[in-house]
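Engineer: Next up is a structure, given as structure tokens.
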Amino acid sequence: MNRSSVTVTSNVFIRSAISLEADRSFLAQIRGRKAISVVLNHLAPNQDLKTASRRVLTARQIAESAWQAPCTCGAFPEGPVRRAGGIDVQFRCPMNSCTSVNFRNRLCMLDVALLDRATKSLGKDIREVVSQALALPMRKAFKAPQCERRPIPIRLTLFQDNILTDEDVEGVLRGFLEENS
């Protein structure tokens, strides 16, 4: 008997009788930047989309929305890349002509003492240290203590900007320093 390599899949998903926002299993099935945007605008019409997406969407949906956004060259610059035994979302523009348009600048509230320790121990600008820490596969973020924080401008990829909170960035930086001190 010959086995076919073709499988049958469906894009139909039965919804529960509960509200759309409470129906997490249905929301997790939504694919495509356009469909994700429609649902997000419906569920959080007057909210900051980054905050709402972290509350409503899965990490995969946030990534999918980011990597389906074309850059100025017309290519889709972000996408899944197999790395270190897992899948990571990375910048991978096939045109090799894109530069700063692939990143977003953001002010992150970061621990002043942590920033001072990072720049002194690694001998680099804080933006370089944060960029280096975020370029590695994500690790467990360390819990941030109560401390003085100030806004620091950093560059993030579309995916990082959409999915990481300021606390996540600080936690990754804290873990990176623990490993490299």
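Every number in this text was worked out from the coordinates using simple rules, so none of it is lab data. Being a predicted model, the structure only gives us computed values, none of them experimental.
Engineer: Over the stretch 103-180, what lengths in whole Å, largest first, do the semi-axes of the equivalent ellipsoid take, defined as the square roots of 5 times the eigenvalues of the alpha-carbon gyration tensor?
Structural biologist: Listed largest to smallest, the semi-axes of the stretch 103-180 are 17, 14, 13 Å.
Engineer: Sticking with this one: For the stretch 118-135, what does the Karplus curve 6.51 cos²θ - 1.76 cosθ + 1.60, with θ = phi - 60°, yield as ³J(HN,Hα) per residue in whole Hz, taken in order and with x for Gly and Pro?
Structural biologist: Working through the residues one at a time gives 5, 5, 6, 6, 9, x, 10, 5, 4, 5, 5, 5, 5, 4, 5, 5, 6, 6 Hz.
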